[in-house]
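Derivation of every value follows stated rules applied to the coordinates shown; laboratory data play no part. Every value quoted in this text rests on a predicted model; they were computed, and no experiment measured them. Here the Cβ is made from the backbone with ideal geometry for all residues, glycine too, and neighbour counts use every protein chain on show.
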Amino acid sequence: MNRSLLHAVSRIHVAVYRASRGRLLGRIGKGMPVLLLTTTGRKSGRRRTTPLLYLEDGGRYAVVASVGGAPQHPAWYLNLRADPRATVEIADRKRAVRAETAGPEERARLWLAATAMYPGYDTYQGRTSREIPIVVLTPAE
């Protein structure tokens, strides 16, 4: 999918998700949960919102920076590396979070859970030479 089409689909997803408070597009496929992640653009300083599949992990959320197995990291991941403060929306609830890339052991554990939820992540990993990061989003105090 080309970049401009991907951005358009993402904007529509965000609008429908917010308008329905997550009742529409809050789950996709076989019930896989979706959150909205809002980061601050590392170059523009603008707030950017991306719908992402997620896992719950002991009061935290884990998201996979796969971008379909592209050779480069997704923009939202690069934004979080520049500024780890973000917001997640799940249904009609917003929470401030702090992002951290999972270390090797935690990534291995979360990768198993992520691929159990969505086996396509293994396909994405096979398409790229980069190790696809998993980002852990911890609610801010």
- Message: With N set to the number of residues, divide the alpha-carbon radius of gyration of the stretch 9-48 by 2.2 N^0.38 Å and report two decimals.
- Response: 1.33
- If we count every other residue with Cβ under 11 angstrom of V14's Cβ, Lys/Arg +1 and Asp/Glu -1, where does the sum land? +2
- Task: Report the GluC sites (Glu not before Pro) located in the stretch 63-139 that are in a DSSP loop and have at most 14 other Cβ atoms inside 10 Å of their Cβ, or state none.
- Result: E131
- Message: If exposed means no more than 10 neighbouring beta carbons inside 10 Å and the site is in a DSSP loop, what's the longest run of the chain without any exposed trypsin sites (Lys or Arg not before Pro)?
- Response: 47-141
- What number, in percent, do you get for the relative contact order of the chain if the mean sequence gap of Cα pairs under 8 Å and at least 6 apart is divided by its residue count? 25
